[in-house]
Amino acid sequence: MKLTQKKLDEMLEKACEHGACKDEIKLIKSLTISEILEHYELPFWCCWYAKFVLNSRWPEAEGCIKRDPKYAHLYARDILKSRWPESEDCIKKDEYWWSCYKVSFGINQ
């Protein structure tokens, strides 16, 4: 995921317009771009942005999202509205989220 300061500022402005948590925005603004890209909350932030700001798939952020089982599942369920094979290896690492994923998409294995 490529991120410039200009793009980050635009994204944060849009996130504020769509009701993002002020504390999360404050935290993000306090970080450097490299810190943001390595932050443990990045999958959550990307998933939230795709769902509430873009209202659609965000291919550029999928590499970040699919590294977290919870947000990979939620992204597949809420944004893609279908299975996301590229993320399934990650989701399988967490028994709870794999169980949720299987229920969401009718997987019987």
Members of the range 80-109 found to be in contact (Cβ under 8 Å) with a residue 12 or more places away in the chain, of a type in the set (Gly, Ala, Ser) and assigned to a helix (DSSP H, G or I), listed by number: Ser87, Ser104
Any hit, the range 73-90, residues being of a type in the set (Lys, Arg), out of contact with any strand residue (DSSP E or B) (no Cβ under 6 Å at 6 or more places or on another chain) and within 25 Å of Glu38 (Cβ to Cβ): no
Number of positions in the range 49-99 that are aromatic (Phe, Trp, Tyr) and under 15 Å from Met1 (Cβ atoms): 4
Helices (runs of 4 or more DSSP H) (entirely within the range 1-79) containing at least 3 residues that are out of contact with any Pro (no Cβ under 9 Å at 6 or more places or on another chain), at pLDDT 95 or above and surrounded by fewer than 18 Cβ atoms within 10 Å (Cβ to Cβ): 5-17, 22-29, 33-38
One residue from Ile107, Ile91 being more than 27 Å from Leu8 (Cα to Cα), buried (at least 21 other Cβ atoms within 10 Å of the Cβ) and not basic (Lys, Arg): Ile91
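The values are calculated or read from the model by the stated rules, or taken from the named source; none is laboratory data. It should be emphasised that the depicted structure is a prediction, and the values quoted were computed from it without experimental measurement. Using ideal geometry, Cβ is built from the backbone for each residue, glycine included, and neighbour counts are taken over all protein chains shown.
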